[in-house]
Amino acid sequence: MSGDHIHPEPTSFLKKHVFSVDHKVIAKQFLWFGLIWLLVGGVMAMMIRWQLANPGSPVPVIGGLLFPRTGGVIDPASYNMLFTMHGTIMIFLGLTPVLIGAFGNWCIPLMIGARDMIFPLLNMLSFWTVALGGAVGFYSLFVPLGATEAGWTGYPTLSTTVGTQGDGETLWAVAVFLIGASSIMGGINYITTIIRLRAPGMKWSDMPLTVWGLFFTAVLNVLFLPVIGSAMLLLIMDRVFGTSFYVPASIMSGASGGDPILYQHLFWIFGHPEVYILILPAWGIVADLLSFFARKPAFGYKVTVGAMFAVTVLSAVVYGHHMFTTGMYAMLGESFMLLTMIISVPGEILFFNWLHTIWRGSLRLTTSMLFALGVIFVFGLGGLTGLYLATISTDIFLHDTYFVVGHFHLTMAASALFGAFGATYFFFPKMFGRMMSEKLGKLHFWLTIVPLTVVFCTMFISGYGGMPRRYYDHTSADYLVPLQHLNTITTHSAFLLGAAQLIFAWNFIRSRWWGPKASDNPWEVGTLDWQMPTPVPHYNFKEIPVVKTGPHEFSHPKLGDRDWIPQTEELPA
Amino acid sequence: MSTADATADQVLEDAHGHHDDGVTEDAHFGKATGGKIAMWMFIAQDGMSFGGLLLAYGLLRIFSTDWPVPAEILGITLTATATFILICSSVSMVMAVEAAKEQNQAGTVRWLMVTILGGLSFLGIQYYEYTHLVAEGITFATSTWHGEPINNLFGSTFYAVTGFHGLHVTAGVIYLMCILKGAMAGKYTKGGMSYSPVELVGLFWHFVDLVWILVFTFIYLL
């Protein structure tokens, strides 16, 4: 409970950089951790794409090293492991640590005017738990029979010992459990910090929208990660202790058996909120960035918060749309369809407010602004195609095709990733005291958004044409051979997309150590985090600031020659 | 020493002057401490964990045709006694918090000990129950009753749910013991908000009891 006190800076290397309880250090640990995993998951995606465009031919460069038994060719089992681990890594070890771990830790205390999180030790524990989860997941790649092949959703009976032998799947479940525990610790810490440690004068409606997004994400984390924890416990028991919670009677030697669909319920009760867990922080960041770089107050601040709240509530009651083809009562299916459709209403309110925020603003097209605009574009594409999947009659045909793959990549992957990129370019100067190259940043943006759009829009077409997901070799089915050229286009664009990320990696690493020194407030914004010196002192605020203005008071007519005002100053009467 | 360091030292001295004078008032959360809010969050997430397990139990039982009558196998009397003991330990927990608020150290220590005793008795009864059930053929993976195989999920769900709860009681007893140590040192009876840690362990303990009422109803009685 020391977020409101000043503590002396630790002097030993271990306490300062490794086992630090300082939220700023933990934020950077999460950032590096997440970026490295994004790289690993990204390389896996490249290998998946290689196999889909050139089925059965050896992977160039790294193939011989990774698949020596087959002379560099990805065998079917390895292909299954690749798409399973790609999904798991990107969601749990890539996006979650970067968006929630890194920017949650960085933004919350600095933006609300606190000296640290309210429970610094719990904060450190949260990072080391996710690190342990990552280690367990990574280790599972090297056990006999390799990592799990059951898909990132881990549906039984594929994920029970009936479907997957070896320790891979068990270790996967342990890793997911640990990562979930880490998110719960973070969530409890974030919520309590936001409630208790806001600087004097900072009303709920004075918080930057970034903090709001992280707050709602934390609520979902606390409420729904435990459910997948229970699901994983039961799966581990089935695999280790020989119970049959998920193993149906038909494939058991005994007379009585369990219910594989039970797992689907437990998984999606968590799984649907999870997509909003990933997108809500990105939405909050985008809403702030649009206002900051349009030099206009965020349009409809309270309505935006209300819409995010509505999404948070609704996200808990729509999970059934993942199970339309599993089979459920028609009435239940229709209810889930209706509720899913209703979620698009607050979604559209957010779009309306974002577009109104930039409407007639004096746009400063920095890299982070471009990525914020990019989120509007890719989430728009993903959201509109979601309507076909929410509708039972069309979902029955599109379920488990590349249409779904394109849809969820645009919404929860690309949008969340764009939010993370926008935030990285934006907060980098305060985090590391140096500027990232805008020139390379813009190049990165354009070389990302164009191929990315091609990659996932081609998937819509091939999915609409009936191409199923998770197939090892689509050319083995006659009706898919005419669609193979689409796979080639997707793969070529994906390689371009992957190569473009190297520009980001180079920009990040070069700027971290050799970039030009950043001034205290290079973006000229009024939130508390930019009012402090760079680098941020160990105790953040020497004196806890008193908040007098909202976070988005731009271009106020009475401000004279400057178009922004710090949150600590009163607006001129 | 640079000027920045000098300022930092100055700040540190200033900060130690006015250390922790309680909590500031909040429009929505009153004077709830961070610890209290966090404990409620923890209870919410723990409730969802139990929710997941109980949902699994409910679905598995509803969709099976050969579920035995729980009372015939598990018996009610012994567990009803354990339930009564656990509820009584919630009462003694309330007494401990009240004593701490009244700065009555002896009372706090005494009631905490009674609560710990209640928790330990519950665990003892659970251990006795488990060993007997295992001896009679109800194990985690397979279940037989009077030599005849019955639905394996009966034993699996029973041990999963009551075992998960038993872990909570164990954790609660350890937590209570830590608080007891502090209470013996007089840490929580200094007036002001100093009773807060006793209140927090109380919240957790009441939650563990409340969940048991649900578990007892669903697993034993229904």
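Report the Cα centroid-to-centroid distance between the stretch A:517-531 and the stretch A:92-160 in angstrom, as an integer.
Cα centroid of the stretch A:517-531 versus Cα centroid of the stretch A:92-160: 30 Å apart.
Exactly which chymotrypsin sites (Phe, Trp or Tyr not before Pro) in the stretch A:351-397 are in a DSSP loop and have at most 14 other Cβ atoms within 10 Å?
A:Trp359
In debye, nearest 20, what is the charge dipole magnitude of chain A about its Cα centre with +1 on Lys and Arg Cβ and -1 on Asp and Glu Cβ, if you could check?
Here chain A has a charge dipole of around 1340 debye.
Applying the Karplus parametrisation 6.51 cos²θ - 1.76 cosθ + 1.60 with θ = phi - 60° to the phi angles of the stretch A:331-345, what ³J(HN,Hα) value in whole Hz is obtained for each residue in order, glycine and proline being reported as x?
Each residue of the stretch A:331-345 in turn: 4, 5, x, 5, 5, 5, 5, 4, 4, 5, 4, 5, 4, 6, 5 Hz.
If you place +1 on the Cβ of every Lys and Arg and -1 on the Cβ of every Asp and Glu, how big does the dipole about the Cα centre of the stretch B:59-174 come out, in debye to the nearest 20?
Approximately 340 debye in magnitude.
Filter the cross-link list A:Lys439/A:Lys517; A:Lys24/A:Lys296; A:Lys24/A:Lys430 down to pairs whose alpha-carbon distance in this structure exceeds 21 Å.
Distance filter (> 21 Å) returns A:Lys24/A:Lys296.
Could you pull out every one of the lysines with an alpha carbon less than 28 Å from that of B:Lys181, ignoring same-chain neighbours closer than 8 positions?
In chain and number order, the partners are B:Lys31, B:Lys36, B:Lys101, B:Lys190.
Whole-Hz ³J(HN,Hα) for each residue in the stretch A:563-573, computed from phi via Karplus 6.51 cos²θ - 1.76 cosθ + 1.60 with θ = phi - 60°, x for glycine and proline: what do you get?
9, 9, 9, x, 5, 8, 9, 7, 5, x, 6
Go through the stretch B:29-137 and name the trypsin sites (Lys or Arg not before Pro) that are in a DSSP coil and have 11 or fewer other Cβ atoms within 10 Å of their Cβ.
B:Lys31
Give the residue from A:Gln165, A:Phe215, A:Ser205 lying farthest towards the positive end of the charge dipole for the stretch A:163-302; charges sit on Cβ (+1 for Lys and Arg, -1 for Asp and Glu) and the dipole is referred to the Cα centre.
It is A:Ser205, whose Cα lies furthest towards the positive end.
Would you list which lysines come within 18 Å of A:Lys302, measuring only between C-alpha atoms, while excluding same-chain residues fewer than 8 positions from it?
The reachable lysines, counting only those whose Cα sits under 18 Å from A:Lys302, are A:Lys203, A:Lys548.
Toward the positive end of the charge dipole of the protein assembly as shown, about the Cα centre and with charges on Cβ (Lys, Arg +1; Asp, Glu -1), which of A:Val454, B:Gly191, B:Leu203 goes farthest?
A:Val454
Check which residues have an amide H placed less than 5 Å from B:Ser143's amide H, if you skip close sequence neighbours.
Correct list: B:Ile150, B:Asn152.
Mind checking the mean number of beta-carbon atoms from other chains within 10 Å of the Cβ atoms in A:533-542?
Partner Cβ neighbours, averaged per residue: 2.
Given H placed on each backbone N at 1.01 Å, which residues far from A:Arg434 in sequence or on other chains put an amide H within less than 5 Å of it?
A:Ala518
If you take each beta carbon of peptide A:187-193 and count the beta carbons of other chains within 10 angstrom, what is the mean?
That works out to 5 on average.
In the Gaussian network model of chain B, springs joining C-alpha atoms below 10 Å, which of B:Met95, B:Met48, B:Met39 carries the largest mean-square fluctuation?
Ranking B:Met95, B:Met48, B:Met39 by mean-square fluctuation puts B:Met48 first.
Distance between the C-alpha centers of the stretch A:11-26 and the stretch A:234-313? Whole Å please.
Value for the Cα centre distance between the two parts: 32 Å.
Which whole-Hz ³J(HN,Hα) couplings does the stretch A:229-236 yield from phi under the Karplus relation 6.51 cos²θ - 1.76 cosθ + 1.60, θ = phi - 60°, glycine and proline marked x?
My calculation for the stretch A:229-236 gives x, 4, 4, 5, 4, 5, 5, 4 Hz in order.
Taking Cα centroids, how far is the stretch A:54-77 from the stretch A:207-223 in Å?
43 Å
Rounded to the nearest 500, what is the 222 nm mean residue ellipticity of the protein assembly as shown from helices alone, with -39500 (n - 2.57) per DSSP H run of 4+ residues and division by all residues? Mind dumping the intermediate values first?
Values: 23 runs with 488 residues, N = 795.
Computed ellipticity for the protein assembly as shown at 222 nm equals -21500 deg cm²/dmol.
Amide H of A:Thr401 versus every other amide H placed in the peptide plane: which residues, excluding those fewer than 5 positions away on the same chain, fall under 5 Å?
Here the answer is A:Arg469, since their amide H atoms fall under 5 Å of that of A:Thr401.
With Cβ to Cβ distances under 12 Å as the rule, what net charge do the other residues near A:Pro156 carry (K, R +1; D, E -1)?
Local charge sum for A:Pro156: -2.
With point charges of +1 on the Cβ of Lys and Arg and -1 on the Cβ of Asp and Glu, referenced to the Cα centre of the protein assembly as shown, which listed residue (A:Pro468, A:Ala147, A:His409) lies farthest in the positive direction of the dipole?
Farthest towards the positive pole: A:His409.
Can you give the average number of partner chain beta-carbon atoms within 10 Å of each beta-carbon in peptide A:221-228, as a whole number?
For this peptide, the per-residue mean of nearby foreign Cβ atoms is 5.
Distance in nm between label sites at A:Ile461 and A:His485, each 7 Å beyond Cα in the beta-carbon direction?
0.9 nm
Suppose every K and R has +1 on its Cβ and every D and E has -1 on its Cβ; what is the size of the dipole of chain B about the Cα centre, in Debye to the nearest 20? Don't skip to the end; give the middle numbers.
Values: 8 positive and 18 negative charges, 105 e Å.
Dipole magnitude for chain B comes out near 500 debye.
Scan chain A and hand back the longest stretch that contains none of the trypsin sites (Lys or Arg not before Pro) lying in DSSP loops with at most 10 other Cβ atoms within 10 Å. Provide the component values of the computation, followed by the final result.
On the way: sites that count: A:Lys203, A:Arg360, A:Arg562.
In chain A, the maximal stretch lacking such sites is A:1-202.
Between B:Thr131 and A:Val240, what FRET efficiency follows from the Cβ-Cβ distance if R0 is 25 Å, with the result rounded to 0.05?
Once rounded, the FRET efficiency stands at 0.70.
FYI, it's all coordinate maths here, none of it is from the lab. Not measured: the values here are computed from a predicted model. Reconstructed Cβ throughout: ideal geometry from the backbone, glycine too, with neighbour counts over all protein chains shown.
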